Amino acid sequence: MSGARPLRRPTRLAPGARVAVVAPSGPVPEERLQTGLDVLRGWDLDPVVAPHVLDRHGEFDYLAGSDADRAADLQSAWCDPAVDAVICARGGYGAQRMVDLLDWEAMRAAGPKVFVGFSDITALHEAFAVRLGLVTLHGPMAAGVDFAKSARAQDHLRATLFAPETVRTVRSDGTALVPGRARGVTLGGCLSLLAADLGTPHARPSADGGLLCLEDVGEEPYRIDRYLTQLLRSGWLDGVRGLLLGSWAQCEPYDGVRAMLADRLGGLGVPVAEEFGFGHCDDALTVPFGVTAELDADAGTLTLDEPALD
């Protein structure tokens, strides 16, 4: 797979749909998980928790169980014909350790379904695009802090899952770092994960033709600079059509981060929308990856050519 191209859209959810919750990355707080499950049940979904979601790795406390068990949970959920969607419980770290253990041929044979997550799940968004050719949703996770408390985050994800035509335009409260309009295919996620994914078997070789969504959390400005510089030097940003910048939570005062983002990205000569409202932030919006869309940086809008789900 070269660059960003339109991907196959899974089918939207209907009341009663079965949703599997998996933990590909970090350990999951049980109380937050239960709160998220209650939200999903309130949407008339049937959430099922994968066997190892509440596991803890025996040696590394930043992982939710062993790599093999986390991979088995995801693959079993995906290959279960009774499951209509897979939602990650949380991010953290660990998806890169298990992504090579997945049987992508079996998962492709299982057919398309909805996949939701963000943060460390960026590695899986890339893999699902490259290996399965599927649209995925960069959105709130079942045991996420924001998901439990934010009506906007819940409502936007729910609309995307059940009535995606009602949210074909994603509206932010942000402004243009670099003004203009651009058309392309959405992709992206957590900046540090995209940089770490370079050169791996499940990452596309470039963002050519894409509207690239970037965000991160807890990074010093010089580290964000380093990730962006790595993407620039590798040629991964060659041909990108536009950029949407989400949240930079706990990344120093935003003014300093903003200046660095302008320095690193301004030379690309494409529109850049900032503070777009997705990622590690309150009231996070859901953004589909793999859909052709138009970015209007001045208006702070992303308008999809067709709904995120079929």
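I'd like to verify a number: residues in the range 247-257 that are under 22 Å from the mean Cα position of the chain (by Cα) and either part of a loop (DSSP other than H, G, I, E, B) or touching a residue at least 40 places away in the same chain (Cβ under 8 Å) (or both), how many?
Total satisfying the criteria: 2.
Report, by residue number, each residue of the range 74-100 that is open to solvent by less than 40 Å² (accessible area, probe 1.4 Å) and not in a loop (DSSP other than H, G, I, E, B).
Correct list: Leu74, Ala77, Trp78, Ala85, Val86, Ile87, Cys88, Ala95, Met98, Val99.
Just give me the residues in the range 264-298 being open to solvent by 40 Å² or more (accessible area, probe 1.4 Å), part of a loop (DSSP other than H, G, I, E, B) and farther than 17 Å from Gly184 by Cα, in sequence order.
Across the range 264-298, the qualifying residues are Glu275, His280, Asp282, Asp283.
When the range 1-30 is examined, which residues are found to be open to solvent by 50 Å² or more (accessible area, probe 1.4 Å), of a type outside the set (Gly, Ala, Ser) and assigned to a loop (DSSP other than H, G, I, E, B)?
Hits for the range 1-30 are Met1, Arg5, Pro6, Arg9, Thr11, Arg12, Pro15.
Among the strands (runs of 3 or more DSSP E) confined wholly to the range 128-231, which include 3 or more residues that are touching a Gly at 6+ places or on another chain (Cβ under 7 Å) and either of a type outside the set (A, V, I, L, M) or open to solvent by less than 50 Å² (accessible area, probe 1.4 Å) (or both)?
181-190, 210-217
Look at Leu40 and say whether it is in the same structural domain as Ile121 (by the TED database), outside any loop (DSSP other than H, G, I, E, B) and closer than 26 Å to Val217 by Cβ.
So Leu40 fits the description; yes.
Applying the selection to the range 299-310, what residues are open to solvent by 30 Å² or more (accessible area, probe 1.4 Å) and within 18 Å of the chain's Cα centre (by Cα)?
Within the range 299-310, just Thr303 meets the criteria.
Which residue pairs have Cβ atoms closer than 6 Å, lie 6 or more positions apart in sequence or on different chains, and pair a first residue in the range 43-69 that is farther than 21 Å from Gln96 by Cα and assigned by the TED database to the domain that holds Leu102 with a second residue that is open to solvent by 50 Å² or more (accessible area, probe 1.4 Å) and outside any loop (DSSP other than H, G, I, E, B)?
Matching pairs, first to second residue: Trp43/Arg158; Asp46/Arg18.
The values are calculated or read from the model by the stated rules, or taken from the named source; none is laboratory data. These figures come from a predicted structure and were not determined experimentally. Every residue, glycine as well, gets a Cβ built from its backbone with ideal geometry; the counts of neighbours run over all protein chains shown. Calculation scope for accessible area: heavy atoms of the full protein, side chains included, ligands and nucleic acids excluded. Shrake-Rupley method; radii C 1.70, N 1.55, O 1.52, S 1.80 Å.
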